[in-house]
Structures are given as C-alpha cells and as structure tokens.
Amino acid sequence: MAWQATPRAREAARCGDYGSVIREAREAQRITQRDLAEACGTSQTRVSRQLEGRGVAGPYPMDLLRLAAARLDIPMSLVGLAEHAASGQGQQPVQRRDFLGGAAAMAAAPLLAPFTDARDASGQQAAALRLSTSAYRRLDPFTPSRDLAEAVQAHLRLIQTRTSAARVEQRQRLAEVASEASSFAGWLAWDMGDSGSARTWYGQSIKAARASGNGLLAAYQTGSLAQFEAHAGNSAASLSLTTSARRLLGGPVPEIADAWLSATEALGHAAAGDERECEGALLRSRAAAARVRVEESPPWPWVFVFDEAKVEGCRITCGALVGRPEWVLAADSAALRGGHAKQRALVDLDVATAHLAAGRVETAFSFAGRAVDTGLEYRSGRIIERARALRRALTVPSPPKAVRQFDERLHGVYL
C-alpha cells in the first residue's frame, strides 16, 4: 500500500520540493537515511545532499529519486515522475524513466522484465529501444547537445530499421518509440540553433505518432512543434499547430494536457504581441493546472507533472515576449530557479529582457552574461543566439562598461 501523503507533503510536491516529500515519508516510516541509502544501493551522503538537502531548486537525480520513492512506497507523481505508463491501447506498460546511466546496458534485462512478456519479442524490443532514448535524455541536462546529436540520430536509424523489418502488427508500438526519439532529436537541434533540422525532426515525430495511432502522443508532439514555432517568432504557425493538437486529443481532455496546451497557446499569442489573448490563455492554463491531482500519475507522454510553477515559468517567457517586465520581475523565485542549467540560462535571458525594458541596463547584462557562460559551457547555439538578440535590442551611441564587456565575451563565438 502506498504511503499516504500529508497536506504538507502534497504542498511540497506542488512546489517541486521533492526532497521534503522523501524526508517526510522516510521519517513517518521510521527509516533512517542510512537505511534508505542502503536500500537504494547508494551512500547516505548522496541521499542527504542530492535528495533531502536539495530543496525546491533541484534538479534532482532522477534515478535516485525514483528508487527512493519506490522503496518508501511514495506515489511517483508526488515526486514529479510518471508511474509505469501504458504505451498505447492494449500494449504492455513501459517505464519511461528508470535506473539510467553508466549501468543501463547491464541493467536492461531486469528493468524490462516487469513490463514485458518474455514471449513478446516485439514488446521487449520496443521497451529496450525506449530505455535507450530515456538514457540519452538523462544525459541532456549536463551534456552539450552537439555531443549527443550524432548518437541519438544513430539510435533513431536503428529504430527505423527495426520498424521497417517488423511485422505489420508490431509497427504501431515501434512507431511510438520512433516518435519519442525523433522529438528528442528535434530538441537537440533546437538547442544547437539549427532551426531547419529541428522542424524536420519534430515533423517526423508527429508523423510517427500518427502512425502509432496514439492520439495523446500525436497531440503532444504537435504541441511540442507549436512551442518551437512560438519561440521562433512564428505565432500563426504556433497557434495553428496548437489547434491541431487539441483536435487530436479528442475528448475528454486530461487536465494536464489542457494546462500544457493552454500555456503553449499563451506562447503563441505572446509571439504575436497579443497581450490580452496571452493573459487569457495563461489564466486558463493556471486553472487547469490547479485541477491536476498531485497524487495521480500524468498520462504518458507527459513524464513530469505540469503544475502551477510551470505555468509561472511560461508567464516569465511570455512577459519577456510581450514587453511586460512586471510579469517577469514579480515571478515566484521557485519558477526562476527550476530546471537544469540550460533551462535556467534561458530564464536568465527572459529576466535580462525584462530589466532592459525597465531601463536597468547593467542588471540586464549581468543576467545575460551569466546565461552566456552557460551557453558557452554547453555550446548551446540557442542560448548564444538569444543573447545576441538581446544585445541587438540595445541601441545606444555609447554603451556602458557592462555592455562592452558583454560584447567582448560574444565576439568571435561561433557554435
């Protein structure tokens, strides 16, 4: 029987403070940190520092987070993870995020055993390929996309080869796997600043999702391309794609999908400079996110809960796009600190945009400089181009010292 969360634990989960959820569940069951660490096959120091001592800011090591939640019988949704989600109608459950990393290949057999029938070769094949995609995703937060792209594309070619060789009745399952890998390839291309390739990969992910017959997956991938187009400034394309995504969902629409797509619509309206429609979409997104039950697992392909903190993060980006610095500067601090380094760098650029609009030039370029440091560390073309766009927005005959230093940092950077 799963541990019953207290109101305090549910509030911590809603805020993304998953370490507090782990600690409360452990103490309620009178389990020491050392015992939990031994059960997870790790050290007490790692549990203390990377889980319970991490706080709202995160990010958390997903392998350890899932292990600890499993050992303490905590519903995965309370720590922002999906349960074993079904991968299409009538198919075996497949765990999307599990014990990944250096030992993934060695651990594959015992990991897949609970989720596939030993006699179902196609199910084992799809699960193994999906596990590899998840392993690459686990590397994304701290690995330059340029270092991952070639391996992911080779992995995708393997998926496509196995799909073409599979029997007709097996292809829908493999099409889901191909869709997920194509979408990740699109994400990597976007991070590298290669918009043309990003569109191609996202388009392939939508095509594969449609071939799989999974409406939720097709809607998710279409919405992902809509987000890309909004960030690229193509508001009409973004809003059209979001409308298509809603049609693909049919009904009834899961609250998390409604919240996520409303946030995507907000981005599309923001890209068009339509503040009123943007704010309306954000309000709808926040209302839908508030209705998402924390204790329920998000439906696949949503892996993490889309909550009110995520809506606040979207509002920050929208505020930067529509020129409303107060939306950005009044944001909750948790929304500013969330995500991994590359995500935080993009938020820093939104904050820099807000400060620049408010006339605080030196503060703006202080935030932008921090983002550039991350962009250079991870060789992220997306971050560097956003930083250059911010610099172009300032047109003064004699820029202050902070701006001149920023120019020197960007001069000669080619990713």
Diffusion constant of the chain at 10 °C, which comes from Stokes-Einstein with the Kirkwood Cα-pair radius and 1.306 mPa s, µm²/s: 71
Prolate/oblate/rounded label for region 125-273 (Cα gyration tensor, a/c 1.5): oblate
Residue among ALA154, ALA209, ALA69 with the largest mean-square fluctuation in a Gaussian network model of the chain, springs linking Cα atoms under 10 Å: ALA154
Helix runs (DSSP H) in the chain reaching 27 Å along axis by Cα, Kyte-Doolittle at least -1.0: 121-139, 145-165, 171-191
Region 263-415, accessible surface, carbon-and-sulfur percent (1.4 angstrom probe): 51
Global form of region 299-415, assessed from the alpha-carbon gyration tensor, a/c cut-off 1.5: oblate
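The values are calculated or read from the model by the stated rules, or taken from the named source; none is laboratory data. Please read these numbers as outputs of a predicted model, since none were measured by experiment. Note: accessible area is taken over every heavy atom of the protein model, side chains too, but ligands, DNA and RNA are not part of it. Shrake-Rupley method; radii C 1.70, N 1.55, O 1.52, S 1.80 Å.
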